[in-house]
Amino acid sequence: MTSPTIVPCPQCKSPVRWGPDSPYRPFCSERCKLIDLGQWADEQYRVPATPDLPFDDHPD
């Protein structure tokens, strides 16, 4: 039998067992999951984007 995969909670860094018995994975708890969601909602996290390119109806 292989040992379970353990990952750090992205929010508090507590060890989290990666498996079906961890319903909030990769977070350790609902609290950490909601803190992370709130940070996304407050725009504390951002996904980099490239500027929109001009749309050309008739490519050469």
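The values are calculated or read from the model by the stated rules, or taken from the named source; none is laboratory data. Small disclaimer: the values here were computed from a predicted structure and weren't measured. Neighbour counts are summed over all protein chains in view; Cβ atoms, including those assigned to glycine, are modelled from backbone coordinates with ideal geometry. Side chains are part of the model used for accessible areas, which takes the heavy atoms of the whole protein and leaves out ligands, DNA and RNA. Shrake-Rupley method; radii C 1.70, N 1.55, O 1.52, S 1.80 Å.
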Report whether or not Asp56 is acidic (Asp, Glu), modelled with pLDDT of 95 or more and not in a strand (DSSP E or B). no
Determine the pairs where a residue that is in contact (Cβ under 8 Å) with a residue 12 or more places away in the chain, located within the stretch 18-44, has a partner that is assigned to a helix (DSSP H, G or I) and open to solvent by 80 Å² or more (accessible area, probe 1.4 Å) with Cβ atoms under 8 Å apart, the partner being 6 or more residues away or on another chain. Phe27/Lys33
Of the conditions (1) within 14 Å of the chain's Cα centre (by Cα); (2) part of a loop (DSSP other than H, G, I, E, B); (3) at pLDDT below 95, Trp40 fails just one. Which one is it? (2)
